[in-house]
Amino acid sequence: MDPPQADQSRLSPTPDKPLAQPTGGAADPGSQGESASRRRQFAVLLGEFRRTPVLLPVTEDGSPLTGDYDGIRWIYAFSDESALARFAIARGEGSREWPYRRVLGARLLDAAVPATGVPCGVALDVGSEGDGVLFPPVVGIVPDAVAVDAETSRRDSR
């Protein structure tokens, strides 16, 4: 059963609540506090994504729209229609209709990602300059059974 539709996702930036996202690049070697802070920020963003309905563009056969990059399949999701429109324009396809479904982020990570059968993550708001977020197929984001680093994580925890 699909969640109730909302006019706008809570993830969409507003003047009083910008979209939180981790900053890029690796932390300085001596900056463990900064690294821990970034992990906490990402955990908050991940939790928010999991609880939020997002727009999932679908192909003619109803499959989620995806793209492959460097051996990873990315399911495209958008926080609102404006973000989807920016993506369409960036692809040079802004004039066509883009059918989509509204789906909880958790459903994408926990059900859609494993269903692909290949390493897969979710790309949120691709084409929105500075607002995009990647949820890669790693332990803690997707189910361990489909996480690309699951074996490494199991070894490290022993």
**Message:** I want to make sure I understand the PRE zone here: with the label point 7 angstrom from the Cα of E151 toward its beta carbon, which residues in segment 117-140 have backbone N atoms less than 18 Å away?
**Reply:** 117-120, 137-140
**Fill in**
Karplus ³J(HN,Hα) for segment 52-58 (6.51 cos²θ - 1.76 cosθ + 1.60, θ = phi - 60°; Hz, whole; x = Gly/Pro) runs 9, x, 10, 8, 10, x, 10
**Asked** How far is it, in nm, from the label point at S35 to the one at I89 when both lie 7 Å from their Cα along the line to the Cβ?
**Response** 4.0 nm
**Request:** With a 1.4 Å probe and all protein chains in place, put S82, S35 in order of accessible area, largest first.
**Result:** S82, S35
**Item:** Derived scalar couplings ³J(HN,Hα) [segment 76-93; Karplus, 6.51 cos²θ - 1.76 cosθ + 1.60; whole Hz; x for Gly, Pro]
**Value:** 7, 9, 9, 6, 6, 5, 5, 5, 5, 5, 4, 4, 4, 5, 4, 7, x, 10
**Prompt:** Between A106 and I72, 0.36 nm times their residue separation minus their Cα-Cα distance comes to what?
**Reply:** 10.3 nm
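The values are calculated or read from the model by the stated rules, or taken from the named source; none is laboratory data. These figures come from a predicted structure and were not determined experimentally. With ideal geometry, Cβ positions are generated from the backbone for all residues, glycine too; neighbour counts draw on all protein chains shown. Just the protein is used for accessible areas: all its heavy atoms, side chains included, with ligands, DNA and RNA removed. Shrake-Rupley method; radii C 1.70, N 1.55, O 1.52, S 1.80 Å.
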